[in-house]
Every structure is written in C-alpha cells, then in structure tokens.
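Down below is the structure, laid out as structure tokens.
The values are calculated or read from the model by the stated rules, or taken from the named source; none is laboratory data. Only a predicted model underlies this, so the values are computations on that prediction, with no experimental measurement involved. As a convention, Cβ positions derive from the backbone with ideal geometry for all residues, glycine included, and neighbour counts pool all protein chains shown. These accessible areas exclude ligands, DNA and RNA; they are computed on the full protein's heavy atoms, side chains included. Shrake-Rupley method; radii C 1.70, N 1.55, O 1.52, S 1.80 Å.
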Amino acid sequence: MLAVAICCENEVTQNDPKALIGEAAIDARVLELAGQISKDYENCDELVLVGVLKGAFIFLADLSRRLTIPRVIEFIAVSSYGSGSRSSGAVRLVMDVRGNIEGKHVLIVEDIVDTGHTLQYLIGMLESHGPASVKTCALVRKAERAEVEVNVDYLGFDIPDEWVVGYGLDYAEKNRTLPYIGIVTPSD
Ligand code: PRP
C-alpha cells in the first residue's frame with residue numbers, strides 16, 4: 001500500500017501569519033454573497049463572472065460554485081505600475097476577457113480593493129465592450145486607503161490598513177493558498 005502523508009490545510013503553525021478573518025467566517029460570508037447575487041440576477045439568462053488575476057482565483061472559485069443561477073467564468077489580468085507594496089495608481093491591461101461580453105450582465109470579482117484604481121479602471125474598460133451591466137464584488141476592502149471613489153456592489157469585509165495574505169492574496173507571491181486571511185508586515 002502506498003503511504004501518503006497528508007498535510008491538513010487547517011493546520012496553523014507558529015510561523016503562519018496572524019489571522020484576521022478565519023476560514024469559517026470567509027465561508028459564511030461567501031455563501032451570503034452568493035445568495036444575494038443569485039437573488040439579484042435570478043431573472044438574467046446568464047451572469048458573466050470576471051475574475052481579476054491573480055488574487056481573485058480562490059474567491060471566484062468558491063463564489064461561483066455557490067451561485068444558483070446560470071453563470072460563465074472569464075478572467076482578466078492587470079498590472080499596476082509601482083514598486084514594492086505600494087501601487088502608483090496607473091493600471092495596465094495584461095490580458096482581456098476571452099469571450100464576447102456585449103449585451104451580457106458582468107460581475108467583476110476582486111479579492112481586494114485598496115486604492116480603488118484597479119477596479120475603477122476595470123469598470124471603464126469592461127463598459128467599453130458594451131455589456132448590459134457591470135457590477136462589482138470584492139472579498140475585502142481597505143476603506144482607509146481609498147484614493148478614488150468606486151462602488152463595490154457586493155462586499156465581503158471592510159478591513160483595516162494592514163498587509164493581508166491568504167485566500168488568494170499574496171505578499172511577494174507568498175501565502176496565496178493560506179486558507180484564511182492573515183496579516184503580515186511588509187519589509188519595504
Ligand atoms: C491586487 C488586487 C487588486 C488590486 C487592488 O492585485 O488583486 O487587483 O491589487 O489594488 P488597488 O485598489 O490599489 O488598485 P495585485 O496588484 O496585488 O496583483 P495580484 O492579484 O496578481 O496579486
């Protein structure tokens with residue numbers, strides 16, 4: 001028989017980031033958001049979920065599987081000019097959606113809204129494709145850091161201005177797959 005060592009994803013070691021939002025709280029909120037979205041779009045033929053790479057991949061996966069309405073998945077990738085942990089506010093499109101979203105109802109799915117520049121840019125960019133509607137969903141938002149006013153139609157949690165990792169969020173590509181959202185101290 002093959003012996004397999006299974007690492008429990010719930011295990012938290014001494015070196016793991018301090019928890020800000022635990023797995024159970026995330027699961028419960030994602031379920032609530034999915035319920036609200038399913039209700040709001042119940043009369044739509046199909047909802048196009050646009051996940052913003054990379055950070056939204058886990059949130060999008062969980063949210064999309066809890067929806068009870070017809071939906072399709074698209075991804076988009078952007079890059080912020082800037083260095084270290086602070087963005088300059090200028091956003092560049094790296095990868096557009098693959099499908100045609102003209103006349104479709106679109107929901108942008110973000111992991112985090114920080115300054116708001118990325119979401120503001122994405123709303124404008126996707127609206128230029130002629131969709132029926134564009135709404136926004138984000139798991140977390142740092143209200144204190146907002147530099148532009150951008151509406152988040154479906155929000156998981158407002159959080160303090162701390163560097164957060166886990167559930168898709170990273171610091172220097174680390175800790176994206178941490179099952180909860182934790183706090184780290186950036187080195188720059
Ligand atoms: C994060 C996040 C948002 C953006 C929000 O992406 O996923 O897209 O920052 O910041 P803003 O509100 O200040 O514009 P990041 O640049 O860290 O890339 P990643 O998702 O690939 O980690």
Mind listing the phi-derived Karplus ³J(HN,Hα) values for the range 130-144, rounded to whole Hz, using 6.51, -1.76 and 1.60 with θ = phi - 60°, and x for any glycine or proline?
x, x, 5, 7, 10, 10, 10, 9, 9, 6, 9, 9, 9, 4, 5
Quick one: accessible surface of K104, probe radius 1.4 Å, all protein chains present, in square angstrom to the nearest 10.
70 Å²
How far, in degrees from 0 to 90, does helix 117-127 lean away from the longest principal axis of the Cα atoms of the chain, to the nearest 10?
30 degrees
Search the structure for amide H atoms under 5 Å from the amide H of G116, placed 1.01 Å from N in the peptide plane, and list their residues when 5 or more places away or on another chain.
E147
Spherically averaged projected area of the range 148-188 from its Cα convex hull (nm²)
3.9 nm²
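Computed over the Cα atoms, what is the radius of gyration of the chain divided by 2.2 N^0.38 Å, N being its residue count? Mind showing how you got there, number by number?
On the way: Rg = 17.0 Å, N = 188, 2.2 N^0.38 = 16.1 Å.
Ratio of Rg to 2.2 N^0.38 Å for the chain: 1.06.
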Report, in degrees rounded to the nearest 10, the 0 to 90 angle that the Cα long axis of helix 23-40 makes with the longest principal axis of the chain.
10 degrees
Please give the helix 57-66 orientation as an angle from the longest Cα principal axis of the chain, in degrees from 0 to 90, rounded to the nearest 10.
70 degrees
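If you put +1 on each Lys and Arg Cβ and -1 on each Asp and Glu Cβ, how big is the dipole of the chain around its Cα centre, in Debye rounded to 20? Walk me through the intermediate numbers first.
Working: 17 positive and 28 negative charges, 50 e Å.
The dipole of the chain has a size of about 240 debye.
Take the solvent-accessible surface of the protein heavy atoms, probe 1.4 Å, and return the percent of it on the chain that carbon and sulfur atoms account for. Write down the numbers at each step before the final one.
Details: 5060 of 10200 Å².
The nonpolar share, carbon plus sulfur, comes to 50 percent.
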Heavy-atom accessible area per residue, the chain, 1.4 Å probe: how many Å²?
54 Å²
Can you give the convex hull volume per residue for the Cα atoms of the range 90-188, as a whole number of Å³?
122 Å³
What distance in nm separates the two pseudo spin-label positions at K54 and A90, each 7 Å out from Cα along the beta-carbon direction?
2.4 nm
